[in-house]
Amino acid sequence: MNNKKYTLCFVFLSSVSLSLIYMTVLRPIYEYNLDRIYDLRQVPIEYRVSLQEDFIDRTYENNAVLLLGDSQPYGYRHVPKRIFSRLLSQKLGKKVFNLAFADKSITDNINTLNYIVSKKMRFDSVIFNVNQAHPKSPTSQRLDLINETDYKLGIVQNRKAFEIFIEYFNPKADYTRGFFQQEISPDYYNMPLKNFSIYLGKVEQLISLAKLASNNVIIYETPYAEEDVKRLQLDMSDMEMFTNDIKRICSKHRVVFLKPNISKIEYFDDLVHFSKKGHVKMAQILYETIQNNQKTRYQEVLKANQLSSNQSTRSLTR
């Protein structure tokens, strides 16, 4: 009789515990605003890959626009309604699938694309920002593919980590300008040649994967506030080399290279993170770029079809 009571008590307590976990952690994750992926840095590294893959599987839409990158496209410290991916989505009338997050390296973005390609997912366009500060550490990563653990198991084992995590889903833009500047040293944009070469190789790898997911690939160079560059006395001697080499790679792979004309201080909350006005500007630039790119490709197809038709006609008249 006692054993039966103990069993019933155990089942009851387990049910209560699981219900509590669902209500306080799992449900907020499932109901998270789908304008962008979670800030994955807020959970232990072994759970991040599982969270990302679950987000992709649940929110993927065919023919959406895929946005990859780091804190700038993520919309660091801005609520979803202000970020340029949401504004771009409204302009295009289709989903913009924002898989960027703060400190997401090019290696992390390649890993994300590998998963997307393995699932045979297709997108109208793929957009990625090349950040001039990233060639210093081209192999760094926030996603651990080797030691990954399913986050649902992780919640049971380490619920507190996920309770903290859900507090960071929708950050508020209630900070003063300049919070990011304190971390920047004059060599912020320096690019050691060996590391830069590795970074360029990874850009090519990313583009090759992106072309498997979309016929329209856009690589944009991260804009920055020129006034802050001068005030912080940053060394910009490697910037021309960076732009020229990225442009060359894009030309080689026949994808769009974009250097957005955004540099005035009013468009930024700090050196690289957009203000509300900057997000509006970037959304418009990307909208025009996507429209022009699709028009150009349509004209190329028409031209190719016309050429093929002319060749067939000449063959028949011989």
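The values are calculated or read from the model by the stated rules, or taken from the named source; none is laboratory data. Just so you know, these numbers come straight off a predicted model, no measurement behind them. Neighbour counts run over all protein chains shown; Cβ positions are idealised from the backbone, glycine included. When the accessible area is computed, the model is the full protein with side chains, heavy atoms only, and any ligands, DNA or RNA have been set aside. Shrake-Rupley method; radii C 1.70, N 1.55, O 1.52, S 1.80 Å.
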Single unsatisfied condition, residue 184 versus (1) closer than 20 Å to residue 282 by Cα; (2) modelled with pLDDT under 95
(1)
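Quick check: anything in segment 114-122 farther than 27 Å from residue 194 by Cβ, open to solvent by 50 Å² or more (accessible area, probe 1.4 Å), out of contact with any Leu (no Cβ under 7 Å at 6 or more places or on another chain) and in contact (Cβ under 8 Å) with a residue 24 or more places away in the chain? First the steps, then the outcome.
Step one: list which residues in segment 114-122 are farther than 27 Å from residue 194 by Cβ, which gives 115-122.
Now restrict to residues that are open to solvent by 50 Å² or more (accessible area, probe 1.4 Å): 118-120, 122.
Checking which are out of contact with any Leu (no Cβ under 7 Å at 6 or more places or on another chain) leaves us with 118-120, 122.
Now narrow it down to the ones that are in contact (Cβ under 8 Å) with a residue 24 or more places away in the chain: 119, 122.
Checked against the condition, which is being farther than 27 Å from residue 194 by Cβ, open to solvent by 50 Å² or more (accessible area, probe 1.4 Å), out of contact with any Leu (no Cβ under 7 Å at 6 or more places or on another chain) and in contact (Cβ under 8 Å) with a residue 24 or more places away in the chain, segment 114-122 yields at least one hit.
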Check residue 94 against each of (1) assigned to a loop (DSSP other than H, G, I, E, B); (2) surrounded by 20 or more Cβ atoms within 10 Å (Cβ to Cβ) and name the one condition it does not meet.
(2)
